[in-house]
Protein chains: 2
Amino acid sequence: MKTSQKFFDHFIRLYRPFEGRLNVLLSEHGLYRAQWTVLYYIRNYGSATLVELAAYQGVEKPTMSRTIHRLVELGYLETTPTQDRREKKMQLTALGKEQYEKVRVALDAFEESILEGVSEEELEEAIQMMIDIRNRITEK
Amino acid sequence: MKTSQKFFDHFIRLYRPFEGRLNVLLSEHGLYRAQWTVLYYIRNYGSATLVELAAYQGVEKPTMSRTIHRLVELGYLETTPTQDRREKKMQLTALGKEQYEKVRVALDAFEESILEGVSEEELEEAIQMMIDIRNRITEK
DNA sequence: TGATAATAGTTAGCTTGAGTAACTTTATTA
DNA sequence: TAATAAAGTTACTCAAGCTAACTATTATCA
């Protein structure tokens, strides 16, 4: 069997249980994965528009629109207008930052526990590989 | 930022576009990912019960039950009874095998194209890493 | 051996989170 | 300035996961 087949088979089979456990962890804090990834992005990039978030996550605008609305309702996100009046820049509220840090602690513990034994170097190599593969997917 | 955070961020961000492209490719053959992974398993392991398939893919029995029923309706799967009359062993029909090979060709081309430049050795290392991580997730 | 527990699979109903199509409002460009 | 593009929304559909509760069969053990 081709190694490429095995690679993507294992890739899918790792994703599903990971997402399952991630959702359990997040649900203890009243969040879902799609919401969390928005908080993650904004926390690390400062602020973002809907289009920027959708592009980053590889989803369509309506999908992101709903996720953002939920986060605003939850009080974790707020918008500020820009010169371009079509746009809304999103930032974390104080509550949003607080919530992010709370979840971050739990998530770090989980992620580090399942990466036990994997060296920093291996992780960095895997990250670079994932970036390269994603680029080849999106550029086609 | 912790490397573990980056790792899983990139992991999720690779999965989504990959699954999107996979579904486009499969839809050209009238299949979905969940169905394809069943054909894949049975093609490589000969036959399987529902419980075996569900465990392999990390989904619940009702989820797998529906996927299997669709594949039977499509004429790709058939069941044979075993001594244990609770069980149903699933095999590919002739049509199922034909369909598998057809899709396999297209999927190999796609998968190999996006893995261009990644060495066999790197792939094997990544596969082993994914196996280790999945084991740590499921054993907890 | 006979009652109880476990296992294989199904049915019904819910949910997340993705998609497309079509739209409004504002900005850009030809 | 008229046409086009871009940001975001609304309405609707769909795949694919979940739990709860069920039937039928097999295994266990008191």
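Listed values, structure above:
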{"item": "When residues of region A:53-78 are limited to those that are out of contact with any strand residue (DSSP E or B) (no Cβ under 9 Å at 6 or more places or on another chain) and of a type in the set (D, E), the one nearest to DNA strand C (Cβ to nearest atom)", "result": "A:E60"}
{"item": "Members of region A:81-113 that are hydrophobic (A, V, I, L, M, F, W, C) and in contact (Cβ under 8 Å) with a residue 60 or more places away in the chain", "result": "A:V103, A:A106, A:L107, A:F110"}
{"item": "Residue match in region B:60-69 (condition: part of a loop (DSSP other than H, G, I, E, B), more than 12 Å from DNA strand D (Cβ to nearest atom) and either away from every other protein chain (no Cβ under 13 Å) or not aliphatic (A, V, I, L, M) (or both))", "result": "no"}
{"item": "Residue in region B:38-51 that is farthest from the other protein chains (Cβ to nearest Cβ), counting only those that are hydroxyl-bearing (S, T, Y) and under 16 Å from B:K97 (Cβ atoms)", "result": "B:S47"}
{"item": "Those residues of region B:2-37 which are in contact with a helix residue (DSSP H, G or I) (Cβ under 8 Å, 6 or more places away or on another chain), more than 11 Å from every other protein chain (Cβ to nearest Cβ) and within 12 Å of DNA strand C (Cβ to nearest atom), in sequence order", "result": "B:N23, B:Y32"}
{"item": "Residue list for region B:26-49, filter: within 12 Å of DNA strand D (Cβ to nearest atom), more than 30 Å from A:L123 (Cβ to Cβ) and either hydrophobic (A, V, I, L, M, F, W, C) or open to solvent by less than 20 Å² (accessible area, probe 1.4 Å) (or both)", "result": "B:L26, B:L31, B:Q35, B:V38"}
{"item": "Selection count where residues are closer than 24 Å to A:Q5 by Cβ and open to solvent by 60 Å² or more (accessible area, probe 1.4 Å), scope region B:53-62", "result": "1"}
{"item": "When residues of region A:74-99 are limited to those that are within 12 Å of DNA strand D (Cβ to nearest atom) and closer than 14 Å to A:L39 by Cα, the one surrounded by the fewest Cβ atoms within 10 Å (Cβ to Cβ)", "result": "A:T79"}
{"item": "Members of region B:96-118 found to be more than 7 Å from every other protein chain (Cβ to nearest Cβ) and among the acidic types (D, E), listed by number", "result": "B:E98, B:E101"}
{"item": "Number of the exception - B:E121 against (1) in a helix (DSSP H, G or I); (2) within 14 Å of another protein chain (Cβ to nearest Cβ); (3) surrounded by 11 or more Cβ atoms within 10 Å (Cβ to Cβ)", "result": "(3)"}
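The values are calculated or read from the model by the stated rules, or taken from the named source; none is laboratory data. Model, not experiment: these values are computed from the prediction. Here Cβ is always computed from backbone atoms with ideal geometry, including for glycine, and neighbour counts include all displayed protein chains. To get the accessible areas, we keep the full protein, side chains included, count just its heavy atoms, and leave off ligands, DNA and RNA. Shrake-Rupley method; radii C 1.70, N 1.55, O 1.52, S 1.80 Å.
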